[in-house]
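Worksheet: one structure, shown below.
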Amino acid sequence: MNRFLLFLVRSRTWLVHGMRIAIFIVMAWIGGLKALSYEADGIVPFVANSPLMRFFYNKPAEYKEHKNPEGKVVHKNIEWHRANGTYTFSYGLGAVIVLIGFLTLAGIWLPRTGVAGGLLTFGMSLVTLSFLITTPEVYVPALGGDGPTPQHGFPYLSGAGRLVLKDIIMMAGGLIVAAEAAERVLKRKGS
């Protein structure tokens, strides 16, 4: 048992680098998907309901009337999304997410950059987690058929809510990689 514990201690640096790589993969993949219309359509409820982001859209209050189910092409909805700024915002957001992923990954070699990437990962995750407060779609809706124990509303997370809640892991991972990079920055300074 002690050998295994010692192995974990000695592997700490590589395990933290593994976290950086994991963050990069998630950021590059999710950020890259933001260039596709289905992903841009999918984030509309989050952005439209967020007091931090709704100003990026031209018509945030109308989004429910123009939702596109994943995999379905509804041309009138696509035109609405173009006019709303849905796609333009999603492209920009995707680029920022990919950039944060690269900054985090670069922390393997460049600790100062890694501090920035880790802190930006933390901040982005904090914003994402705020959707649990601002977005009604993160909870199971009341669709009728309540039995003796209704299973809708808080704390019953929808698929979107479960996806958002996982950002707690990204938030913690961002702080871990930022702290490790900060330690290397301080060691180089001799502090």
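I want to confirm something. Restricting to region 26-69 and keeping residues that are among the polar types (S, T, N, Q) and free of Cβ contacts under 8 Å to residues at least 40 places away in the same chain, which single residue is surrounded by the fewest Cβ atoms within 10 Å (Cβ to Cβ)? Walk me through how you get there before you give the answer.
Kept after step one, since they are among the polar types (S, T, N, Q), are these residues of region 26-69: 37, 49-50, 58, 68.
After this cut, where a residue has to be free of Cβ contacts under 8 Å to residues at least 40 places away in the same chain as well, the list is 58, 68.
Numbers: Asn58: 14, Asn68: 20.
Top of the filtered list is Asn58.
Look at Thr134 and say whether it is surrounded by 13 or more Cβ atoms within 10 Å (Cβ to Cβ), at pLDDT 95 or above, over 22 Å from Leu33 (Cα atoms) and in contact with a Leu (Cβ under 7 Å, 6 or more places away or on another chain). Please lay out each step first, then the result.
Numbers: surrounded by 13 or more Cβ atoms within 10 Å (Cβ to Cβ): yes; at pLDDT 95 or above: yes; over 22 Å from Leu33 (Cα atoms): yes; in contact with a Leu (Cβ under 7 Å, 6 or more places away or on another chain): no.
Here the answer is no, as Thr134 does not meet what is asked.
Here's the yes/no breakdown for (1) assigned to a helix (DSSP H, G or I); (2) closer than 22 Å to Lys67 by Cα:
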site: Glu137; (1), (2): yes, yes
site: Pro141; (1), (2): no, yes
site: Pro148; (1), (2): no, no
site: Pro155; (1), (2): no, no
site: Gly161; (1), (2): yes, yes
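All but one of (1) exposed (fewer than 12 other Cβ atoms within 10 Å of the Cβ); (2) modelled with pLDDT of 95 or more; (3) not hydrophobic (A, V, I, L, M, F, W, C) hold for Pro141; which doesn't?
It fails just one condition, (2).
Condition check: assigned to a helix (DSSP H, G or I) and either over 28 Å from Val47 (Cβ atoms) or of a type in the set (A, V, I, L, M) (or both). Does Ala182 satisfy that? Walk me through it before giving the result.
Details: assigned to a helix (DSSP H, G or I): yes; either over 28 Å from Val47 (Cβ atoms) or of a type in the set (A, V, I, L, M) (or both): yes.
Taking the combined requirement at face value, the residue satisfies it.
Which pairs do you get when a residue that is in contact (Cβ under 8 Å) with a residue 40 or more places away in the chain and within 15 Å of Arg162 (Cβ to Cβ), found in region 130-142, comes within reach of a residue that is β-branched (Val, Ile, Thr) and crowded, with 19+ Cβ neighbours inside 10 Å, reach meaning Cβ atoms under 7 angstrom, with the pair 6+ apart or on two chains?
As it stands, the answer is Phe131/Val138; Phe131/Val164, since those pairs meet every condition given.
Does any residue of region 50-66 turn out to be in a helix (DSSP H, G or I) and either within 29 Å of Val177 (Cα to Cα) or within 17 Å of the chain's Cα centre (by Cα) (or both)?
Restricting attention to region 50-66, the residues satisfying the condition of being in a helix (DSSP H, G or I) are 54-56, 60-66.
Going one step further and asking which of them are either within 29 Å of Val177 (Cα to Cα) or within 17 Å of the chain's Cα centre (by Cα) (or both), we end up with 54.
Within region 50-66, one or more residues are in a helix (DSSP H, G or I) and either within 29 Å of Val177 (Cα to Cα) or within 17 Å of the chain's Cα centre (by Cα) (or both).
Looking at (1) surrounded by 14 or more Cβ atoms within 10 Å (Cβ to Cβ); (2) within 30 Å of Met19 (Cβ to Cβ); (3) not acidic (Asp, Glu), find the lone condition where Arg162 falls short.
Result: Arg162 fails condition (1) only.
Conditions tested, residue by residue: (1) in a helix (DSSP H, G or I); (2) polar (S, T, N, Q); (3) in contact (Cβ under 8 Å) with a residue 40 or more places away in the chain; (4) crowded, with 20+ Cβ neighbours inside 10 Å.
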| site | (1), (2), (3), (4) |
| --- | --- |
| Glu79 | yes, no, no, no |
| Arg82 | yes, no, no, no |
| Thr88 | yes, yes, no, no |
| Leu93 | yes, no, yes, yes |
| Ile97 | yes, no, yes, yes |
| Leu103 | yes, no, no, yes |
| Leu120 | yes, no, yes, yes |
| Gln151 | no, yes, no, no |
| Ile168 | yes, no, yes, no |
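The values are calculated or read from the model by the stated rules, or taken from the named source; none is laboratory data. Predicted model only: the values in this text are computed from it and were never measured. We place every Cβ from the backbone using ideal geometry, glycine too, and count neighbours over all the protein chains shown.
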